[in-house]
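Report on the structure given below.
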Amino acid sequence: MDYIKVVAQYKTSKDKETFIKKRIKTQYVPYVEKLREALNIANASTHIEIDSKQVYKKDTPMMRFLSMNKLVSLYTDITFDNSNVVGMYDALSKEGLMPLLLSSIPATEVSEFMSLVDMCVNDIYENERELSTIIENKLEEISLVVSQVFSTFEETLSQPEVKEDLEDKIKQFTTKDNGTNKE
């Protein structure tokens, strides 16, 4: 049911508690679906795009806002256009429906979903921003570059013509009188 109709019917409803309970369409959402939605919220609330590049920027109010709206979307029959999420949130909140809806969803479900969002956000921070992780990633990158350089160097040195030229240069260097002999 469209959120505008929900608000209008709620205002005229004689038994508001029953009306709210009728909006709850499910008591359980599968774990994989909750995790997928939590990851989407975590990514949306921890990154912004600057010059076509994703940059870490945590936005806790956005995380909370998206989480509450997703709970309404997952557990109720209330529909809304994603382009008007703020309008839906404000309309439900203005009439006191948002807290009533959230409290009608099983507490274990709300708690698990919010925990998943928090865990996903924490993982993003740890994987992208934690100093030890950054250092570890940079050291690994340096190791890969050095390994590639040495591999290329080894390939070059193993070529027969390079090997001969190098041996000749070494012989010339070791047999050259560098001014240490005194007559």
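The values are calculated or read from the model by the stated rules, or taken from the named source; none is laboratory data. Everything quoted here is computed from the prediction, not taken from an experiment. Counting neighbours? That spans all protein chains shown, and the Cβs are built from the backbone with ideal geometry, glycine included.
Below is a table of values for the structure above.
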item: Filter result (assigned to a loop (DSSP other than H, G, I, E, B) and crowded, with 17+ Cβ neighbours inside 10 Å) within segment 60-104; result: 78, 80
item: Residue count for segment 35-59, restricted to those that are buried (at least 16 other Cβ atoms within 10 Å of the Cβ) and either in a loop (DSSP other than H, G, I, E, B) or in contact with a Lys or Arg (Cβ under 9 Å, 6 or more places away or on another chain) (or both); result: 6
item: Search result, residues across segment 145-164 that are acidic (Asp, Glu) and loosely packed, with under 10 Cβ neighbours inside 10 Å; result: 154, 161
item: Options 82, 69; residue that is out of contact with any strand residue (DSSP E or B) (no Cβ under 6 Å at 6 or more places or on another chain), modelled with pLDDT under 90 and within 30 Å of residue 19 (Cα to Cα); result: 82
item: Index of the failed condition, residue 22 passing every other in (1) under 14 Å from the mean Cα position of the chain (by Cα); (2) under 20 Å from residue 76 (Cα atoms); result: (1)
